[in-house]
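Heads up: the structure comes next, in C-alpha cells.
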Amino acid sequence: MKSDMIRARIKPELKQTAEAIFAQLGLSTTQAITLFYKQVEIQHGLPFSVQLPNTITETTLKKTDSKKSIRAFKNASALFKDLGI
C-alpha cells in the first residue's frame, strides 16, 4: 500500500518542462519519481554520475556565462568546417 508522500519546492518552469517530458514518455510525475527512487535503490546511489567540473570545463562555463569566447556559426556545416571535420 502506498501511503508516504514527498514534498519539494522547485521552480515552476522546471516542473512544467519535466512534466511535459514525462507525458511524452507516457509517465505521470508519480511514476517518474518512483522510477528514480527504484533506480537509487538498485544502484545504491544516484543513477547517474555527479561530479564537480574539471578546470577546463569550469573555465569554459564561466566564459560562456559571461558571454566571452562564444563563437556562432550559420549552420552545422560551417561549424564542422571550422573544426576541420
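Just so it is clear, none of the values below were taken in a lab; they were calculated from the coordinates. Owing to the predicted nature of the structure, the values given are computational and were not obtained by experimental measurement. Reconstructed Cβ throughout: ideal geometry from the backbone, glycine too, with neighbour counts over all protein chains shown.
Some points to look at:
- Most positive-pole-ward Cα, THR64, PRO12, THR34, against dipole of the chain from beta carbon charges: THR64
- Ordering PHE22, LEU83, SER49 by Cα displacement along the dipole of the chain toward the positive end leaves LEU83 in first place; charges were set at the Cβ atoms of Lys, Arg (+1) and Asp, Glu (-1).
- Classified by the C-alpha gyration tensor, the stretch 1-40 has an oblate form. Its axis ratio a/c, with a ≥ b ≥ c, is 1.5 or above, and a/b does not exceed b/c.
- Rounded to the nearest 20 debye, the dipole size of the chain about its Cα centre is 400 debye, using +1 on the Cβ of Lys and Arg and -1 on the Cβ of Asp and Glu.
- To the nearest ten degrees, helix 12-24 and the longest principal axis of the Cα atoms of the chain are 80 degrees apart.
- Within the chain, the longest run free of trypsin sites (Lys or Arg not before Pro) that sit in a DSSP loop with at most 16 other Cβ atoms within 10 Å is 10-66.
- Vicinal HN-Hα couplings computed from phi for the stretch 61-68 (Karplus, 6.51 cos²θ - 1.76 cosθ + 1.60; Hz; Gly/Pro x): 4, 5, 5, 6, 4, 8, 6, 9
- Annotation note: chymotrypsin sites (Phe, Trp or Tyr not before Pro) in the stretch 1-68 located in DSSP loop regions with a Cβ neighbour count of at most 13 within 10 Å are PHE48.
- Close lysine pairs were tallied over the chain: pairs 8 or more places apart or on different chains with Cα atoms under 30 Å apart number 18.
- You can think of it this way: the chain between ILE10 and GLU41 has 8.8 nm of extra reach, that is 0.36 nm per residue less the Cα-Cα gap.
- Using a Förster distance of 22 Å, the FRET efficiency for LEU83-ILE56 (Cβ separation, nearest 0.05): 0.85
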